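Student: Mind having a look at this structure? Questions to follow.
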Amino acid sequence: MRQDHLITATQLSRDDIEAVLDRARAVADDPAAYADRHAGTVLALCFFEPSTRTRMSFDSAAKRLGIDTIDMGDVDSSSVSKGESLSDTVRVIEGYADALVLRHPSEGAATLAAENVSVPVVNAGDGAGQHPSQTLLDLHTIRENHGLDDLTVGIMGDLKYGRTVHSLASALTNFDVNQHFISPPSLRLPRSVRFDLHETGAQVREHEDLDDVIEDLDVLYVTRIQKERFPDENEYHRVAGEYRIDADTLEAAPDHLSVMHPLPRVDEIAPDVDKTDHARYFEQAHNGIPVRMALLDTLLENADPDADEGIEVDR
Amino acid sequence: MSDHELRVSKIRNGTVIDHVEGGQALNVLAILGIDGSEGLGVSVGMNVPSDRLGRKDIVKVEDRELSQSEVDVLSLIAPEASINIIREFEVVEKSRVTRPDSVTGVLSCPNRNCITNTEEPVETRFEVVADGVRCDYCSTILRADIADHIDV
Ligand SMILES: [Zn+2]
């Protein structure tokens with residue numbers, strides 16, 4: 001991967017993705033070999049929006065590479081609430097760290113941050129935009145279970161606001177994957193994502209009903225439909241109920257179907273699915289560690305001219 | 001200049017924007033940030049018969065020449081437009097607009113949750129795509145509604 005930052009999944013080529021996932025596999029096979037690789041480097045965790053899970057996952061991945069982490073703490077207590085711009089904040093933190101991980105409520109925040117600093121920036125979620133490290137771990141999970149070619153993937157739930165969905169859908173266009181999108185009409189894919197998919201020649205097949213496609217799926221990726229998206233609570237309960245799955249729903253699915261979810265789930269996947277062979281979401285969450293280790297390892301290596309076999313790194 | 005343009009009086013110094021798609025003249029003025037309060041002499045011809053466009057609009061602005069970023073945005077709503085710079089009643093420069101690869105600082109992003117719509121010290125930047133423009137920050141695509149998002 002010759003990237004200086006990881007901002008969107010659309011920036012990643014098939015080669016980029018495979019290089020990180022190969023490395024993630026190597027990390028998972030022999031974590032000890034990576035234990036002190038980046039001793040003496042510091043990673044800043046800049047979360048302008050709470051996300052304990054993602055923050056812990058990056059923190060753990062960094063520490064397993066020998067990286068120290070610093071954390072700007074809760075947003076309320078930082079200078080953000082005093083009105084400092086993101087551009088200024090990241091320019092200051094750049095002096096404290098060798099790379100930044102950024103979670104921010106506004107779309108495009110990571111792009112802006114990357115324009116303001118010369119250390120690698122990893123987008124850990126920007127509003128309803130992108131969450132590309134989640135995508136890499138999703139792809140890793142799919143690849144380890146099914147490979148990434150000649151595959152049919154269904155993505156279900158909130159496709160409009162779900163950033164994990166946007167990143168995953170665009171990354172999957174690098175592979176020979178049929179994608180089906182299952183959602184209520186009000187939560188269909190946004191225009192910009194649809195545009196990207198059409199640009200790559202991918203077909204966008206949209207459905208309102210999972211039953212239309214479940215028999216054909218190798219992977220079913222479920223996302224949460226959030227209450228805030230609906231003006232009316234009754235409407236929310238009615239719609240969300242139609243996109244909930246349980247063990248009975250999966251009777252119609254092929255035996256090898258993997259059910260995935262970026263977690264946390266609320267009730268869109270019933271607990272009785274956990275006991276079936278379809279459940280892959282905890283494995284998926286655990287894959288965050290080797291994948292984020294591989295990602296940080298790659299970006300720090302790219303950012304270090306000495307490690308780059310004499311090729312000038314444009315920083 | 002065609003005979004039809006004589007309906008609108010000649011200007012001494014300024015810019016004539018010709019071959020604007022019929023109905024877009026007021027949007028052209030919006031791009032230029034002209035609403036009359038500047039005291040500039042402005043004449044507008046709307047739905048003038050044209051061989052090339054069927055119907056076209058013409059905008060004449062006295063004592064004003066256009067910046068490159070204004071021409072860039074103009075090209076998005078009036079791709080066939082020609083721009084004539086007038087000095088002492090003579091056309092001293094005539095050019096067709098060309099579609100730029102990107103437009104910086106003129107349009108505002110329609111996505112309210114975009115980082116460019118916060119207090120950040122950042123100019124908007126849009127990539128020009130097939131039939132519209134796309135925000136470099138949040139990827140939102142702006143099509144027919146470009147004129148509504150001109151930031152002047
Ligand atoms: Zn935007």
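The values are calculated or read from the model by the stated rules, or taken from the named source; none is laboratory data. All values derive from a computational prediction rather than experimental measurement. In this analysis, Cβ positions are derived from the backbone assuming ideal geometry, glycine residues included, and neighbour counts consider all displayed protein chains. Note: areas computed on protein heavy atoms with side chains; ligands, DNA, RNA excluded. Shrake-Rupley method; radii C 1.70, N 1.55, O 1.52, S 1.80 Å.
Student: Assess whether A:Gly162 counts as being within 13 Å of chain B (Cβ to nearest Cβ), open to solvent by 10 Å² or more (accessible area, probe 1.4 Å) and at pLDDT below 95.
Tutor: no
Student: Continuing with this model, one more query. What single numbered condition from (1) within 14 Å of another protein chain (Cβ to nearest Cβ); (2) touching a helix residue (DSSP H, G or I) at 6+ places or on another chain (Cβ under 9 Å); (3) surrounded by 13 or more Cβ atoms within 10 Å (Cβ to Cβ) fails to hold for B:Pro121?
Tutor: Only one criterion is unmet by B:Pro121, namely (3).
Conditions tested, residue by residue: (1) assigned to a helix (DSSP H, G or I); (2) over 26 Å from A:Glu107 (Cβ atoms); (3) touching a residue at least 60 places away in the same chain (Cβ under 8 Å).
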residue: A:Gln179; (1), (2), (3): no, no, no
residue: A:Glu228; (1), (2), (3): yes, no, no
residue: A:Arg238; (1), (2), (3): yes, yes, no
residue: A:Glu251; (1), (2), (3): yes, yes, no
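Student: When you check B:Ala147 against the structure, is it of a type in the set (Gly, Ala, Ser), more than 11 Å from chain A (Cβ to nearest Cβ) and surrounded by fewer than 20 Cβ atoms within 10 Å (Cβ to Cβ), yes or no?
Tutor: yes
Student: Among the listed residues B:Arg64, B:Arg112, B:Arg96, B:Arg87, which satisfies the condition of being within 14 Å of chain A (Cβ to nearest Cβ) and either surrounded by fewer than 20 Cβ atoms within 10 Å (Cβ to Cβ) or among the hydroxyl-bearing types (Ser, Thr, Tyr) (or both)?
Tutor: From the options B:Arg64, B:Arg112, B:Arg96, B:Arg87, the qualifying one is B:Arg112.
Student: Looking at A:Val101 and the list (1) surrounded by 24 or more Cβ atoms within 10 Å (Cβ to Cβ); (2) within 13 Å of another protein chain (Cβ to nearest Cβ), which single condition is not satisfied?
Tutor: Checking A:Val101 against (1) surrounded by 24 or more Cβ atoms within 10 Å (Cβ to Cβ); (2) within 13 Å of another protein chain (Cβ to nearest Cβ), the one that fails is (2).
Student: Next question. Just the residues that are in a loop (DSSP other than H, G, I, E, B) and in contact with a helix residue (DSSP H, G or I) (Cβ under 9 Å, 6 or more places away or on another chain), please, taken from region A:267-294.
Tutor: Passing the criteria: A:Asp267, A:Glu268, A:Ala270, A:Asp274, A:Thr276, A:His278, A:Arg280, A:Asn287.
Student: Return the residue satisfying two criteria in turn: it lies in region B:27-61 and is in contact (Cβ under 8 Å) with a residue 40 or more places away in the chain and among the polar types (S, T, N, Q), and of such residues it is least open to solvent (accessible area, probe 1.4 Å).
Tutor: It comes out as B:Ser50.
Student: Name the strands (runs of 3 or more DSSP E) wholly within region B:53-143 that hold at least 1 residues that are near the ligand (Cβ under 10 Å from one of its atoms) and not acidic (Asp, Glu)?
Tutor: B:125-129, B:132-135
Student: If you go through region A:217-273, how many residues are of a type outside the set (A, V, I, L, M, F, W, C) and open to solvent by less than 20 Å² (accessible area, probe 1.4 Å)?
Tutor: 6
Student: Now for a different question. Pick out the one residue from A:Glu94, A:Glu107, A:Glu115 that is over 21 Å from the mean Cα position of the chain (by Cα) and within 16 Å of the ligand (Cβ to nearest atom).
Tutor: The unique qualifying residue is A:Glu115.
Student: Name, by its number, the condition in (1) under 29 Å from A:Arg143 (Cβ atoms); (2) surrounded by 13 or more Cβ atoms within 10 Å (Cβ to Cβ); (3) of a type in the set (Asp, Glu) that does not hold for A:Asp209.
Tutor: Failed condition: (2).
Student: Hey, another quick one. Which residue, of A:Leu197, A:Leu112, is in contact with a Phe, Trp or Tyr (Cβ under 7 Å, 6 or more places away or on another chain), open to solvent by less than 20 Å² (accessible area, probe 1.4 Å), part of a helix (DSSP H, G or I) and within 14 Å of chain B (Cβ to nearest Cβ)?
Tutor: Unique residue meeting the criteria: A:Leu112.
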